[in-house]
1. Could you say which residue among ILE28, ILE71 is assigned to a helix (DSSP H, G or I) and among the aliphatic types (A, V, I, L, M)?
2. Out of the residues in segment 53-68 that are among the charged types (D, E, K, R) and in a loop (DSSP other than H, G, I, E, B), which is most open to solvent (accessible area, probe 1.4 Å)?
3. Just to check your reading of the model, which residue among ARG50, ARG76, ARG56 is in contact with a helix residue (DSSP H, G or I) (Cβ under 7 Å, 6 or more places away or on another chain) and of a type outside the set (Val, Ile, Thr)?
4. Within segment 37-52, is even one residue under 16 Å from ALA4 (Cβ atoms), within 13 Å of the chain's Cα centre (by Cα), open to solvent by less than 40 Å² (accessible area, probe 1.4 Å) and among the polar types (S, T, N, Q)?
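The values are calculated or read from the model by the stated rules, or taken from the named source; none is laboratory data. The shown structure was predicted, so the numbers you read here are calculated from the model rather than taken from an experiment. Heads up, the Cβs are rebuilt from the backbone with ideal geometry, glycines too, and the neighbour counts pull from every protein chain shown. With ligands, DNA and RNA removed, areas are computed over all heavy atoms of the protein, side chains included. Shrake-Rupley method; radii C 1.70, N 1.55, O 1.52, S 1.80 Å.
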Amino acid sequence: MKIALHQIAYQIGMHPNEMARLVHDGEISGEVPGNNPQSKDAWIDLHSLRNFIQWRRDQGRVDEMFYGKAIRHIDRHLGR
């Protein structure tokens, strides 16, 4: 499921520039036209983002508070 990058980035506590870098690096599926994360056409895939956050948690690279907040917002948009 696609969502505007700028819409979800701040909700989960990540800066849009950081999320755009992750898209550029292939860590998260999405598109950032013109390398502008604030663009209306910049989007990410929520399933990909959820998997990425889970992977970072499994590696111990994010704390439980960030993980809980991020997953809660992602799941809300996914309708779970």
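1. On the way: ILE28 fails: assigned to a helix (DSSP H, G or I).
Answer to the check: ILE71.
2. Narrowing segment 53-68 to residues among the charged types (D, E, K, R): 56-58, 61, 63-64.
When the remaining residues are screened for being in a loop (DSSP other than H, G, I, E, B), the result is 61, 63.
Values: ARG61: 138, ASP63: 93 Å².
Taking the candidates together, the pick is ARG61.
3. So the residue among ARG50, ARG76, ARG56 that is in contact with a helix residue (DSSP H, G or I) (Cβ under 7 Å, 6 or more places away or on another chain) and of a type outside the set (Val, Ile, Thr) is ARG50.
4. Yes, segment 37-52 has at least one match.
Residue-wise test of (1) free of Cβ contacts under 8 Å to residues at least 40 places away in the same chain; (2) in contact with an Asp or Glu (Cβ under 8 Å, 6 or more places away or on another chain); (3) in a loop (DSSP other than H, G, I, E, B).
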site	(1), (2), (3)
TYR10	yes, no, no
GLU18	yes, no, no
ARG21	yes, no, no
LYS40	yes, no, yes
HIS47	no, no, no
